[in-house]
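Read-outs: derived from the displayed coordinates by stated rules, not from any lab. Computed from a predicted structure; not experimentally measured. Every residue, glycine as well, gets a Cβ built from its backbone with ideal geometry; the counts of neighbours run over all protein chains shown.
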Amino acid sequence: MTVTDRHPARPDGAADTHGAVVPGQASGQTTSGYGPTSRLRSVPTGTASRGEEVPRSSGAWHEGDPVGQRRFVDIGGLDLERGGRLSQVRIAYETWGTLNASRDNVILVEHALTGDSHVSGEAGPGHPSPGWWNALIGAGRPVDPDEWFVVASNVLGGCQGSTGPSSLAPDGRPWGSRFPYVTVRDQVAAEAALLDALGIDRLAAVVGGSMGGMRALEWAVTEPERVDRCLVLASTAYATADQIAWCQPQLLAIRQDPDFAGGDYYETGRSPENGLGLARRIAHITYRTETELSERFGREAQLGEDPLRAGDRGRFAVESYLDHHAGKLARRFDANSYLRLTEAMNSHDVGRDRGGVEAALSRVSADCTVVSVDTDRLYPPRLSDELHRALPRSTRAHITSDYGHDGFLIEEDQVGEIISEALAR
Ligand SMILES: CC(=O)SCCNC(=O)CCNC(=O)[C@H](O)C(C)(C)COP(=O)(O)OP(=O)(O)OC[C@H]1O[C@@H](n2cnc3c(N)ncnc32)[C@H](O)[C@@H]1OP(=O)(O)O
Ligand SMILES: N[C@@H](CCO)C(=O)O
């Protein structure tokens, strides 16, 4: 295999620290919006109300108008699957296109673990990163807003505008450690309430990868009468022992960071950025492939560094690469959200309390497309095969990629083709 070097090693890699904190930013002065000093400013201030009007003409999406599109809906209280209740839940969402008169052109796009509602568009105010499926939505692209009304929300438990651990609890203080355990089913229930509030009864399609694929599938099982098509990419019907095992050291890395403070770090002036960065390093290795890392970085030293000098801070290029991804996530993501969302992924099992996986999947009436990445070591293709076999109406599709699990984010042309075919059926 020859891995295309899409991102040559950074000559300025020294800008990435070994820890997650960027030079010049003392711990507690993160720019992420979730650090203790800035956290309160991160709480969304949009005018939210249940039943707010779906944007029609003003909501029409057009290229070059990517920022400032996020909206918020207060869906009220939510009883949780594992007990407890969130009394006030806010969901952040974005839309592209226009809801048609018969309200049957809606596509719900579900983001993965650290994604958000910004599926398409530039980075900018309110959006720390550019759209994570930029090539898929837009005029002449697989999901054309002239035809489809696309909705994407930030997941319950997240940190990009929807209620999560960094939001304020009713007592006016951050939820922190008090934020309850939420499951994928709770997240889907919150999304269903969002769509109710928007006056959307039916989904022409729900599509998602990885953790987003879990929610897409859960939609098709929980609300079969509302879902016409379901596309599940690089995902599974249940979290496996191997997936849960990879998550455990990530959870421990965050919890054992002294700055975690039991989850109540928002008001301490510090945050567990090192633990979050370590979690991202572990996770990122599972998102890519052995061959990609070996061919891309080999045994190269990071420019200007010497990894073979004992006691020095010299790094191999691949170490610098992981440091970079660690720092980047720690600047844009909240550690408590990472914990709660990881726990939610671990909870995923469509068969729980439904007589098992096969019985649960037999309820699905949607036209399903089950997609795997051939080199995915975290969500291996055999899990997609199992899912495909158990679904009553399913098409099996394959992404070929050098990049492993992240192929569902990187191979946009292949994903686009698969989505176009599913929407044409
Ligand atoms: C893109 C977003 O984050 S959108 C927000 C929502 N995000 C998501 O849903 C997914 C989160 N994102 C991801 O998982 C990843 O960013 C992906 C999968 C999209 C990126 O995949 P790729 O495009 O293959 O990027 P890759 O893994 O090669 O990393 C490239 C980065 O590593 C840096 N890099 C490469 N080599 C080195 C090195 N030796 N030392 C330090 N940094 C390095 C590059 O400069 C580049 O930096 P930048 O992203 O800040 O520009
Ligand atoms: N790279 C993805 C996680 C893998 O599904 C993300 O950061 O959301």
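Observations
- Order of 118, 324 under a 10 Å beta carbon neighbour criterion, fewest first: 324, 118
- Each of the peptides 241-248, 85-92 was scored by the mean count of other Cβ atoms within 10 Å over its residues; in descending order, highest first, they stand as 85-92, 241-248.
- Residue by residue, the range 139-155 carries 3J(HN,Hα) couplings of 4, x, 9, x, 10, 8, x, 5, 10, 10, 9, 9, 10, 9, 10, 7, 5 Hz when phi is fed to the Karplus relation 6.51 cos²θ - 1.76 cosθ + 1.60 (θ = phi - 60°); x denotes Gly or Pro.
- Reference-scaled alpha-carbon Rg (2.2 N^0.38 Å with N residues) for the range 317-371: 1.79
- Summed side-chain charge close to residue 247 - residues other than residue 247 whose Cβ falls under 13 Å, Lys, Arg +1, Asp, Glu -1: +1
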